[in-house]
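Here is the structure we will look at.
The values are calculated or read from the model by the stated rules, or taken from the named source; none is laboratory data. Bear in mind the structure is a predicted one, so any value in this text is a computation, not a measurement. Here the Cβ positions follow ideal geometry from the backbone for every residue, glycine too, while neighbour counts run over all protein chains shown.
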Amino acid sequence: MSNEVFISYRRVDTQFVTQLHQELEQRGISAWFDQADIEPGEIWRTEIARGIRDCKVFVLVLSPDAVQSRNIRKEVALAEDHGKPIIPLMWRQTEIPDMFEYALAGVQWRMFNEAATKENFDLLAADIRRILSNGGAEAVPAPSAPKAAEAPARGRGRGRGRGRGTAREVSAIAVGIGVITKVVTQISSFTVEEQDAVNQELKWLYSAADHFLNIRRGAANRTDPVPVDIPPEADVTAGANNTIQPGLDDFSLQMLDTQIQGMVKQTQIYLRNLAIELDKQAMLGGEAAANLALTNSIKLQQTSIADRAVEMAQLMNQIYGIYVRGPEDIKNQLV
């Protein structure tokens, strides 16, 4: 199964997706979507993983039901891992959880808003052809794209996001995205609501780390707040206001800088290894459950990442007087 487009969607939107598939095929674009009924708790099908791996463009049909789907979250994460250009297609208007905001920051959007018109299908087909003609590079974001998360624009293709040379080339926010997609999304014991709550805290945590490093490099002022609101469930020291605590001296800041850089780099290494193992798991499908060595390896990498996230939360508490317990929640689920 090798198609130019893989369509990711929730079953309730099947009628529209069937039309979408037909419209793309009529415009000469080969597309595939899974028409079998896979319940949220079932093992991911091997053909889905293969379809994502082999496609050239990943079209994500967004709706209130879709953003609550565990399987769709996994599909988006796998598309990210394989460097697939993603086109989010807003079929039914919905709020975008942090997991999707991070993954979709800086990419091409198409706003259908329940209007399955010839014009909308033509525009989508043009987006896809533009990406295909660029060899898989992303198109310029559409003017109608909704506001994305505070994440850097990301290139696609092999080697993207892989820092070389100095540790600063490893983005703390990129690492945070990896923790969300490769750890939180994969933990079946979390409800979707719990995933979103933890992701909200991780978004702040890694944005805070990135903000601190920007201040240290002179790209932001010490008095500037972290560009993400304090999560509602965070423990906040009296007087903390999302800026660096005033009592920290230069020596302490230098020590914290070194620790944060090392932690970000370590986490990135674990995430690379985990991505390889998760890809093996996806390709094995239902057979993955019987592969204890693979299961244990995945858990080991995830636990190591959770340990680094807990340490990062402790450092951010020293710097900002704000402590998020999301990393502890992750670790507790992995025990």
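Of note:
- Residues being touching a helix residue (DSSP H, G or I) at 6+ places or on another chain (Cβ under 8 Å), of a type outside the set (Gly, Ala, Ser), within 21 Å of residue 330 (Cβ to Cβ) and not in a helix (DSSP H, G or I) - total across region 180-228: 6
- Between 256, 292, 248, 300, the distinction of being free of Cβ contacts under 8 Å to residues at least 24 places away in the same chain, farther than 23 Å from residue 191 by Cα and not assigned by TED's automatic domain parsing to the domain that holds residue 49 belongs to 292 only.
- Subset of region 248-290 [of a type in the set (Lys, Arg) and under 18 Å from residue 175 (Cα atoms)]: 265, 272
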